[in-house]
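As structure tokens, the structure follows; a few thoughts come after it.
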Amino acid sequence: MKFFNYLAAFLLFSIAFVFYRFVFQNAVNVPYFDDYAYLEYIIKFTDAPTFQAFLQALEFKHNGHGVITAKLAFWIDYLLTGQVNYRTLILAGSVLVAILFGYFWKVLSANKLPFYLVFPVGLFLFTPAYHENIFWAAALWQYTASFVVGIITYYLLAVPKWGTLAGAIVGGYLLTYTNGNGLFGMYVGLLIPLLQYRYRAALVWLLACILTTVAFYWYYPFGFGSLNQDKSFKNSLLTLLSFFGAGASYLRGRLPEVAVLGGAITLALLTLASWVGGTFVISVFRQRSKELSTFSRPKILTVFTQQPENLSLLALLAWLLITGLGVATARAGQALETPARYMIYSVMAMVALYSTLLILVPQKVRKFVAIGMTLFGGLFFLGTYLFAAPEVVNFRNSLVADALSLRAHGRVSGKLETMTNSVTKKYFDESIQRKMYVLPLDTSLTIPTTRADTTKLSVVPFTHQVDTLPAYGGILIQKIANSSIAIDQSQAKNALFVLLTNDSTSYISAARLTPSRDRKAFLKTRNYFKEGFEAWVFQDNVLPGTYQLGLLYHENGQNRIVYTSEKVVVKNYGK
């Protein structure tokens, strides 16, 4: 037994080291979409004339969501460092993953299960699977943080003391203002005192939920409602399956596995909810008729109520189920696909159900459950570095290009233009002027200021395609692709950029390198990418004109520029 525990500890340390090394390599101090809004919030916090004005700015909804936890994280980061630093927010926020792992370790240890059984949990959590909830600071301090706040709240609520109940109420309020599903999460907590037959505590918790709801909606900017999706049972079912089954996409990148895993998780959650809920209702009736003593509760209720950790785990599962049903109702899509920022729900559902299964099954079955989950987790772990890690690297490079483009042109690069929003631009410019945010400067990587030498042009095959992104009334983009170019991948910061140059200026955009997806090749070379790339030129990122197409190889701290014979024409589309 000790051997397996030591082996599990060594392997967990190894995969956690790989994970945090990957985070350290790819976290950059550049904002992305919602991140820009927090510059506005920091300015308003700083300029608040009174404490009441500060609280009003803190409570102000972000796109209809209460994000007090994220605002406080950004504010504390600003107070500690003197600047808004997205890299430190990501690095500090990645510690939340270790806290989640520690929680599941505590659940298993509270049930006197051997340490090595927690190893599969690490295979799922210490991965870039839910990369947007790690490398996007705003999403990290909403989605990932909400799980940490939620499990702490549920644990405090499960401890039968009035002091911890007060702490849970504070946690529940904060949970409501952490993420969009936080209010659901607070109401889910009601099942904890009910299952413990603590009816007075349940009444107090319900009153706290109602008061929090009133406070949340008192200044709510109504209008953030339905997204006008085509509502149908089929679309809701597809959304629910993909919501819980998205993690299976890291096995082979195929949808059938997503449907199977999503169906299994959904069925397991519904079955457990029906089992526990039905048993509890029956036990209440029997207890009232004095057919059931306190010491003869149904076994399923005894298992979950004998430890605060077990009750918090049950509440977590209920919260996941309610969230999945809510997303399937309000944000139903027409395919087996889910936004990357929702991937964490699939991962958390898998590890929470695994932990629950270990608690429920007999001891002789647990090792088979652990072996099966370890094999599945191993494939999942490897798959995340095949499918998710390349997305992270391309995302990091796009933010590096953003920093260069914002410094040179006041625009982002290769994505929807945020600076066309006058409010966003106003506060971004002000934060730069007041040095509340400083764009990172890499002296080894700059936009070239010299004109392209037309006498030394290389012939490189490209394909060009004009497409429309269905956002904000339609955004025209030009897709530039190549299937043969490759870069040196021996260093993490090596990257390829596309240059658009004319007589007066140059624009830069990160090339989206083509992921390899070959397990054998990856294990042998540790390279994420094969030959080829695609770059997107958005109509709002580049001024109209005719540009010479060039390539900037940033390898091992050195730059190499190759101008090609290709020209790119950016037209004025009146936007």
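The values are calculated or read from the model by the stated rules, or taken from the named source; none is laboratory data. Note that the structure is predicted; figures quoted are calculated from it, not measured. Here the Cβ positions follow ideal geometry from the backbone for every residue, glycine too, while neighbour counts run over all protein chains shown. Note: areas computed on protein heavy atoms with side chains; ligands, DNA, RNA excluded. Shrake-Rupley method; radii C 1.70, N 1.55, O 1.52, S 1.80 Å.
Consider VAL204 against the criteria (1) over 16 Å from LEU320 (Cα atoms); (2) open to solvent by less than 40 Å² (accessible area, probe 1.4 Å); (3) modelled with pLDDT of 95 or more: it satisfies all of them except one. Which criterion is unmet?
All conditions are met except number (2).
Check off (1) surrounded by 20 or more Cβ atoms within 10 Å (Cβ to Cβ); (2) not assigned by the TED database to the domain that holds LEU96 for LEU382 and give me the number that stays unchecked.
Condition not satisfied by LEU382: (1).
Which numbered condition trips up ASP429, out of (1) over 27 Å from LEU513 (Cβ atoms); (2) touching a residue at least 40 places away in the same chain (Cβ under 8 Å); (3) not assigned by the TED database to the domain that holds ALA510?
(2)
Out of curiosity, is PHE462 farther than 23 Å from TYR385 by Cα, surrounded by 15 or more Cβ atoms within 10 Å (Cβ to Cβ) and aromatic (Phe, Trp, Tyr)? Reasoning before the result, please.
Values: farther than 23 Å from TYR385 by Cα: yes; surrounded by 15 or more Cβ atoms within 10 Å (Cβ to Cβ): yes; aromatic (Phe, Trp, Tyr): yes.
It is true that PHE462 is farther than 23 Å from TYR385 by Cα, surrounded by 15 or more Cβ atoms within 10 Å (Cβ to Cβ) and aromatic (Phe, Trp, Tyr).
Does at least one position in the stretch 31-44 carry a residue that is in a loop (DSSP other than H, G, I, E, B) and either out of contact with any Lys or Arg (no Cβ under 8 Å at 6 or more places or on another chain) or open to solvent by 10 Å² or more (accessible area, probe 1.4 Å) (or both)?
Yes, there is a match, as at least one residue in the stretch 31-44 is in a loop (DSSP other than H, G, I, E, B) and either out of contact with any Lys or Arg (no Cβ under 8 Å at 6 or more places or on another chain) or open to solvent by 10 Å² or more (accessible area, probe 1.4 Å) (or both).
For residues in the stretch 306-347 being surrounded by fewer than 19 Cβ atoms within 10 Å (Cβ to Cβ) and among the β-branched types (Val, Ile, Thr), which is nearest to LEU195 (Cα to Cα)?
So, considering only residues that are surrounded by fewer than 19 Cβ atoms within 10 Å (Cβ to Cβ) and among the β-branched types (Val, Ile, Thr), the one nearest to LEU195 (Cα to Cα) is ILE322.
Out of all the residues in the stretch 213-227, is one or more surrounded by fewer than 17 Cβ atoms within 10 Å (Cβ to Cβ), at negative phi, assigned to a helix (DSSP H, G or I) and among the β-branched types (Val, Ile, Thr)?
Yes - at least one qualifying residue is present in the stretch 213-227.
Enumerate the helices (runs of 4 or more DSSP H) found wholly within the stretch 72-181, keeping only those where 1 or more residues are closer than 16 Å to PRO308 by Cα.
In the stretch 72-181, the matching helices (runs of 4 or more DSSP H) lie at 95-110, 145-158, 162-176.
Within the stretch 401-419, is there a residue that is assigned to a helix (DSSP H, G or I), farther than 22 Å from LYS479 by Cα and touching a Pro at 6+ places or on another chain (Cβ under 7 Å)?
no
Could you tell me which numbered condition PHE184 fails, if it satisfies all but one of (1) within 27 Å of GLY247 (Cα to Cα); (2) open to solvent by less than 10 Å² (accessible area, probe 1.4 Å)?
(2)
Inside the stretch 1-28, can you point out the residues that are farther than 21 Å from TYR130 by Cβ and of a type in the set (S, T, N, Q)?
Hit for the stretch 1-28 is ASN5, nothing else.
Based on what the data block shows, is GLY532 farther than 21 Å from ARG451 by Cβ and surrounded by 12 or more Cβ atoms within 10 Å (Cβ to Cβ)?
Answer is yes for this residue.
Quick one: would you say GLN52 is open to solvent by 40 Å² or more (accessible area, probe 1.4 Å), out of contact with any Pro (no Cβ under 8 Å at 6 or more places or on another chain), in contact (Cβ under 8 Å) with a residue 40 or more places away in the chain and not β-branched (Val, Ile, Thr)?
Details: open to solvent by 40 Å² or more (accessible area, probe 1.4 Å): yes; out of contact with any Pro (no Cβ under 8 Å at 6 or more places or on another chain): yes; in contact (Cβ under 8 Å) with a residue 40 or more places away in the chain: no; not β-branched (Val, Ile, Thr): yes.
The answer is no for GLN52.
What's the total number of residues in the stretch 1-38 that are over 18 Å from the mean Cα position of the chain (by Cα) and among the hydroxyl-bearing types (Ser, Thr, Tyr)?
2
From the residues in the stretch 301-319 that are of a type in the set (A, V, I, L, M) and touching a residue at least 60 places away in the same chain (Cβ under 8 Å), which one is nearest to GLN287 (Cα to Cα)? Steps first, answer last, please.
From the stretch 301-319, those of a type in the set (A, V, I, L, M) are 301, 303, 311, 313-318; that's our starting set.
Remaining after also requiring touching a residue at least 60 places away in the same chain (Cβ under 8 Å): 301, 311, 313-316, 318.
Numbers: LEU301: 13, LEU311: 21, LEU313: 25, LEU314: 22, ALA315: 23, LEU316: 27, ALA318: 24 Å.
Applying the filter and picking the extreme gives LEU301.
Within the stretch 468-551, considering only strands (runs of 3 or more DSSP E) that don't extend past its boundaries, which have at least 3 residues that are under 28 Å from PHE381 (Cα atoms)?
Where strands (runs of 3 or more DSSP E) fall fully within the stretch 468-551 and carry at least 3 residues being under 28 Å from PHE381 (Cα atoms), they are 512-515, 529-538.
Let's see how each residue does on (1) farther than 26 Å from ARG411 by Cβ; (2) modelled with pLDDT of 90 or more; (3) loosely packed, with under 13 Cβ neighbours inside 10 Å; (4) polar (S, T, N, Q):
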{"position": "VAL466", "(1), (2), (3), (4)": "no, no, yes, no"}
{"position": "GLN491", "(1), (2), (3), (4)": "yes, yes, yes, yes"}
{"position": "VAL498", "(1), (2), (3), (4)": "no, yes, no, no"}
{"position": "THR501", "(1), (2), (3), (4)": "no, yes, no, yes"}
{"position": "ASP518", "(1), (2), (3), (4)": "yes, no, no, no"}
